[in-house]
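Chemist: Sending over a structure as structure tokens; questions will come in a sec.
The values are calculated or read from the model by the stated rules, or taken from the named source; none is laboratory data. Computed from a prediction, not measured in an experiment: that's the story for all the values here. Neighbour counts are summed over all protein chains in view; Cβ atoms, including those assigned to glycine, are modelled from backbone coordinates with ideal geometry. Ligands, DNA and RNA are stripped out before the accessible areas are found, and what is left, the full protein with its side chains, is counted by its heavy atoms. Shrake-Rupley method; radii C 1.70, N 1.55, O 1.52, S 1.80 Å.
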Amino acid sequence: MPTRAEILDTLAASQTQVMAFFQGLSPEDLERPATASEVPGAAPWRAKDHFAHLVKNERNIQQLLRRALAGETRDVQLRLQYPEGMEMPGILGDLSALTPEEEERLGMAVASVNQTDVNAHHDDSLQMRASDYLAVRQDTVDLLHQFTDDQLAAPMPTVVGDAAAGDLFAGRAGHAAEHITWIEEGFRQGV
């Protein structure tokens, strides 16, 4: 698990990368299709949509981290991570234990939630997305300072398996880098 200083450095470097990437795109590139939606029949995601998703995803991780900080039970933490209305799998918090049908249901439920959020932010300006991103990243840094070193090292339940809280904080950088790569590949392939 990374140290607090390493997490802060990772978050700062990621923020710089994300802002430079999205602000460096032309207005046309922000709006053109970049990747296929995971929801059948939905419009492809534009770079702007990925930016909106990064904000929502970081807020979701903050909610998970706040629940851990508040001492929520493992069962409550896990149940709150599954999309509302989704039929619960037989085993919570272990992706490898899901049946193929449960894994497909989870994937489609998450894709649907993501698509709904992207649709809600379809007409947001780059300035609005950037402002929201900077605010949510500051909230992440502020939340990090509320955790003790022991709490950062403690395992937390997630739908895919347990992870140290510190790894969830640092993981925001990897998630953002993945989306940037997907956008770049989508542009090269002409989605």
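Chemist: Towards the positive end of the charge dipole of the chain, with charges on Cβ (+1 Lys, Arg; -1 Asp, Glu), say which of ILE180, PRO89, PRO157 has the farthest Cα.
Modeler: ILE180
Chemist: Going by amide H atoms built from the backbone, whose H comes under 5 Å of the H on ARG46, apart from near neighbours?
Modeler: Amide H to amide H, under 5 Å and 5 or more residues apart or across chains, ARG46 pairs with ALA34.
Chemist: Once the convex hull of the alpha carbons of the range 22-108 is built, what does its volume come to per residue, in cubic angstrom? Spell out each step's value before the answer.
Modeler: Values: hull volume 11.0 nm³, N = 87.
For the range 22-108, the hull spanned by Cα atoms encloses 126 Å³ per residue.
Chemist: So what J values fall out for the range 179-191 if you push phi through Karplus, 6.51 cos²θ - 1.76 cosθ + 1.60 with θ = phi - 60°, rounded to Hz, Gly and Pro as x?
Modeler: With coefficients 6.51, -1.76 and 1.60, one gets 5, 4, 4, 4, 5, 4, 5, x, 5, 5, 7, x, 4 Hz.
Chemist: Through the Karplus equation 6.51 cos²θ - 1.76 cosθ + 1.60, θ set to phi - 60°, convert the phi angles of the range 80-93 into ³J(HN,Hα) values in whole Hz; use x for Gly and Pro.
Modeler: 6, 7, 7, x, 4, x, 6, 5, 6, x, x, 10, 8, x
Chemist: Find, to one decimal place in angstroms, the Kirkwood hydrodynamic radius of the range 129-189, where the mean of 1/r is taken over every pair of different Cα atoms and then inverted. List each step's numbers first, then the result.
Modeler: Numbers: mean 1/r = 0.0746 Å⁻¹.
Kirkwood radius, the range 129-189: 13.4 Å.
Chemist: Taking all protein chains together and a probe of 1.4 Å, list THR99, THR116, THR158 from the most accessible to the least accessible.
Modeler: Numbers: THR99 55, THR116 90, THR158 10 Å².
Greatest to least solvent exposure: THR116, THR99, THR158.
Chemist: List the GluC sites (Glu not before Pro) within the range 1-110 that fall in a DSSP loop (any state other than H, G, I, E or B) and whose Cβ has at most 13 other Cβ atoms within 10 Å. All intermediate terms of the calculation are to be shown ahead of the outcome.
Modeler: Values: sites: GLU6, GLU28, GLU31, GLU38, GLU58, GLU72, GLU84, GLU87, GLU101, GLU102, GLU103, GLU104; in loops: GLU38, GLU72, GLU84, GLU87.
Sparse-neighbourhood loop GluC sites (Glu not before Pro): GLU84, GLU87.
Chemist: How large is the charge dipole for the chain, taken about the Cα centre, if only the Cβ atoms of Lys, Arg (+1) and Asp, Glu (-1) carry charge, to the nearest 20 debye? Display every interim value, and only then the final one.
Modeler: Details: 15 positive and 30 negative charges, 72 e Å.
Approximately 340 debye in magnitude.
Chemist: Volume per residue, Å³, of the convex hull around the alpha-carbon atoms of the chain?
Modeler: Expressed per residue, the convex hull around the Cα atoms of the chain is 123 Å³.
Chemist: May I ask for log10 I(q)/I(0) of the range 69-164 at q = 0.13, 0.14, 0.20, 0.21 Å⁻¹, from a Debye sum over the Cα atoms as equal point scatterers with solvent left out?
Modeler: So the normalised log intensities work out to -0.66, -0.75, -1.10, -1.12.
Chemist: Express the relative contact order of the chain as a whole percentage, based on alpha carbon pairs under 8 Å and six or more residues apart in sequence.
Modeler: Values: 199 pairs, mean separation 74.4, N = 191.
Value for the chain: 39 percent.
Chemist: Another question, then. Grab the DSSP H runs of the chain that are 4 residues or longer, score each as -39,500 (n - 2.57), total them, divide by all residues and round the 222 nm result to the nearest 500 deg cm²/dmol.
Modeler: Values: 8 runs with 125 residues, N = 191.
Value at 222 nm, helices only: -21500 deg cm²/dmol.
Chemist: Return one whole number: the accessible area per residue of the range 91-191 in Å², for a 1.4 Å probe.
Modeler: Working: 5090 Å² over 101 residues.
The answer is 50 Å² per residue.
Chemist: Can you give the local net charge around GLY190? Use residues other than it whose beta-carbon is closer than 13 angstrom to its beta-carbon, Lys and Arg +1, Asp and Glu -1.
Modeler: Numbers: positive: ARG32, ARG188; negative: ASP29, GLU184, GLU185.
Once positives and negatives cancel, what remains is -1.
Chemist: Please list, in order along the range 53-64, the HN-Hα scalar couplings obtained from phi with the Karplus expression 6.51 cos²θ - 1.76 cosθ + 1.60 (θ = phi - 60°), rounded to whole Hz, x for Gly and Pro.
Modeler: Residue by residue, the range 53-64 yields 4, 4, 5, 5, 4, 5, 5, 5, 5, 4, 4, 4 Hz.
Chemist: Another question, if that's okay. Taking Cα pairs under 8 Å and at least six residues apart, what relative contact order does the range 99-189 come out at, in percent? Let's see the in-between values first.
Modeler: Working: 20 pairs, mean separation 11.7, N = 91.
Once normalised by length, the contact order is 13 percent.
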